[in-house]
Amino acid sequence: MSEMDRRNDAWLPGEATRGVLQAVAAQQRGAVFVDKENLTMPGLRFDNIQGDAVKDLMLRFLGEKAAAKRQVLNADSVEQSFVGLKQLISCRNWRAAVDLCGRLLTAHGQGYGKSGLPTSHTTDSLQLWFVRLALLVKLGLFQNAEMEFEPFGNLDQPDLYYEYYPHVYPGRRGSMVPFSMRILHAELQQYLGNPQESLDRLHRVKTVCSKILANLEQGFAEDGAMSGVTQEGRQASVRLWRSRLGRVMYSMANCLLLMKDYVLAVEAYHSVIKYYPEQEPQLLGGIGRISLQIGDIKTAEKYFQDVEKVTQKLDGLQGKIMVLMNRAFLHLGQNNFAEAHRFFTEILRMDPTNAVANNNAAVCLLYLGKLKDSLRQLEAMVQQDPRHYLHESVLFNLTTMYELESSRSMQKKQALLEAVAGKEGDSFNTQCLKLA
């Protein structure tokens, strides 16, 4: 087992699972009876979700001829492998990617109707489940994701560990479950209206990460065993697990924010800085914006000043843009649109491709009663680089302005639909076009 595998796959199983794995290691597999309920038996729970909302709108508003021009990759048009999967994801054909994951899992014996039937797991099968479930969450199909996550329980069954398969993975230890899948499993609950359950799950992940980090810092291996790890290897492990602990804290902070527990959320974001010191200006700026959202201008100002102090040590454009962006948002929070617009414009002089500054500058113009100028700015941005700027929030603002501006808004929205059809994949959220 390589050092990298040991470091990445390390996990601390619960007591019952540890007992089973120890029995397997003692080569008592024949004598080890594992209750079916303690095994992981996943399967696809619904047929493919391929569909293309952009094409459906084209049929409805532009006719069959225009819709026929819409060409997007689907699960049939790529290699039936991880290579094809990456291709679909990179061009934002997430629905097709969900379908392809399903086909690859079916080939592994975990397809439709297989839920509840005994199976074995591999690194690849767990990776496929993670990708499929993550895409379902990205597509907002939270119920579907929960149904398919259900057989995985708390991700601690013995058959999710390499030690359960000594003949397939001789000498390899740790969990097959990708760390990001644990985070996804915890976060999913907040999207289903159960943020407290999300927090509880994240807390359990945090406890294990903290224990692993403590083991490493005391000179042991991740699992607490006597260590033959090199000094360099230990430092790499400490870095990885500190970063994972920071990732869990960040998820907890986001969850608390969703629960509107601003005091605890801010505390949690502060603790993330300890694990990601290089992200301090972004995290402080984020806390400032939370303060703005709840109308606490004074606290926002204090955090933005802290960002300015931190960025003074940084050279380069990024620090300057961050400071100007915060100043612009501070003015926006006080309905001072002229000053906000001045700062957004200053950012665009330094970085003409900054989509956030461009979009917000246009919104400021709208509030200043300059609808035509506002429209001109957004249209120029979209025409300049459609692949980069056909962003849902930009298009939502643009279609809203079309409705304010003229009775020809429907034709203009349809022109945007055509632009989207040439650039976007099957995961595009058509609601921003306000055509339905």
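The values are calculated or read from the model by the stated rules, or taken from the named source; none is laboratory data. Just so you know, these numbers come straight off a predicted model, no measurement behind them. Neighbour counts run over all protein chains shown; Cβ positions are idealised from the backbone, glycine included. Protein only, heavy atoms only, side chains kept; ligands, DNA and RNA dropped before computing areas. Shrake-Rupley method; radii C 1.70, N 1.55, O 1.52, S 1.80 Å.
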Could you list which residues have their amide H under 5 Å from that of TYR161, counting only those 5 or more apart in sequence or on another chain, with H placed in the peptide plane?
MET176
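Could you work out the relative contact order of segment 225-271, using alpha carbon pairs under 8 angstrom and six or more residues apart, expressed as a whole percent?
On the way: 20 pairs, mean separation 14.2, N = 47.
Computed value for segment 225-271: 30 percent relative contact order.
If you add up the charges near GLU232, with Lys and Arg at +1 and Asp and Glu at -1, over every other residue whose beta carbon is less than 12 angstrom from its beta carbon, what do you get? Let's see the in-between values first.
Details: positive: ARG7, ARG234, ARG239; negative: GLU3.
So the surrounding residues net to +2.
Are there trypsin sites (Lys or Arg not before Pro) in segment 370-427 that DSSP marks as loop and that have at most 10 other Cβ atoms within 10 Å, and which are they?
Values: sites: LYS370, LYS372, ARG376, ARG387, ARG408, LYS412, LYS413, LYS423; in loops: LYS370, ARG408.
Here the sparse-neighbourhood loop sites are ARG408.
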Convex hull volume per residue in cubic angstrom - Cα atoms of segment 264-326
69 Å³
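Pairs of Cα atoms under 8 Å, at least six residues apart: use those to get the relative contact order of segment 158-218, whole percent. Walk me through the numbers on the way to the answer.
Numbers: 40 pairs, mean separation 11.6, N = 61.
Normalised by residue count, the contact order of segment 158-218 is 19 percent.
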Using the alpha-carbon centroid of each, what span in Å lies between segment 159-206 and segment 262-300?
28 Å
For the pair ASP315 and TYR112, how long in nm is the line joining their label points, each one 7 Å along Cα→Cβ?
6.0 nm
Trypsin sites (Lys or Arg not before Pro), restricted to segment 1-86: which are DSSP loop and have at most 10 other Cβ atoms within 10 Å?
none
³J(HN,Hα) across segment 200-212 via Karplus (A = 6.51, B = -1.76, C = 1.60, θ = phi - 60°), whole Hz, x for Gly/Pro?
4, 5, 5, 5, 5, 5, 4, 4, 5, 4, 5, 5, 4
Can you pull the three principal axis extents for the Cα set of the chain, in Å, largest first?
78, 58, 35
What shape does segment 375-436 have by the C-alpha gyration tensor, where a ≥ b ≥ c are the square roots of the eigenvalues, rounded means a/c under 1.5, and otherwise prolate means a/b greater than b/c and oblate the rest?
oblate
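Full extension from GLU37 to LYS260: what is 0.36 nm times the residue separation minus their Cα-Cα distance, to one decimal in nm? Working shown, then result.
Numbers: separation 223, 0.36 × 223 = 80.28 nm, distance 3.74 nm.
Length gained between GLU37 and LYS260: 76.5 nm.
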Residue-wise HN-Hα coupling along segment 74-84, computed from phi with Karplus coefficients 6.51, -1.76, 1.60 (Hz; x: Gly, Pro):
10, 4, 7, 9, 10, 4, 7, 7, 4, 4, x
Quick one: which residues, 5+ away or cross-chain, put their amide H under 5 Å from the amide H of LEU44? H built at 1.01 Å from N.
GLY111, TYR112, GLY113, LYS114, SER115
Name the lysines eligible as straight-distance cross-link partners of LYS302: C-alpha to C-alpha under 23 Å, and not fewer than 8 places from it in the same chain.
LYS260, LYS274, LYS313, LYS320
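By the gyration tensor of its Cα atoms, with a ≥ b ≥ c the square roots of the eigenvalues, what is the shape of segment 76-157: rounded for a/c under 1.5, prolate for a/b over b/c, or oblate? Let's see the in-between values first.
Values: a/c = 1.95, a/b = 1.35, b/c = 1.44.
Verdict is oblate for segment 76-157.
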Mean separation of Cα pairs under 8 Å and 6+ residues apart, divided by the residue count of the chain: what relative contact order is that in percent?
16 percent
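Taking the solvent-accessible surface of protein heavy atoms with a 1.4 Å probe, what is the per residue accessible area of the chain in Å²? Show your work: numbers first, answer last.
Details: 21820 Å² over 436 residues.
Roughly 50 Å² per residue, with all protein chains present.
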Once phi is turned into θ = phi - 60°, what whole-Hz ³J(HN,Hα) does the Karplus curve with 6.51, -1.76 and 1.60 give for every residue of segment 183-194, x standing for Gly and Pro?
5, 4, 4, 6, 5, 3, 4, 5, 6, 9, x, 10
Candidates GLY228, GLY422, GLY288: whichever shows maximal mean-square fluctuation once the chain is modelled as a Gaussian network with Cα springs under 10 Å
GLY228
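Please report how many Lys pairs in segment 18-144 have alpha carbons closer than 17 angstrom, counting only residues at least 8 apart along the chain or sitting on separate chains.
Working: LYS36/LYS114; LYS55/LYS65; LYS55/LYS69; LYS86/LYS138.
Summing the qualifying lysine pairs gives 4.
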Compute the signed sum of charges (Lys and Arg +1, Asp and Glu -1) over the other residues within less than 12 Å, Cβ to Cβ, of ARG103.
-3
The summed charge of the VAL54 Cβ neighbourhood (under 9 Å; Lys/Arg +1, Asp/Glu -1) stands at -2
So, in nm, how far is label ALA26 from label GLU79 when the simple model puts each one 7 Å beyond its Cα toward the Cβ?
4.6 nm
Size of segment 1-108 as Cα extents on the principal axes (Å, biggest first)
67, 33, 22
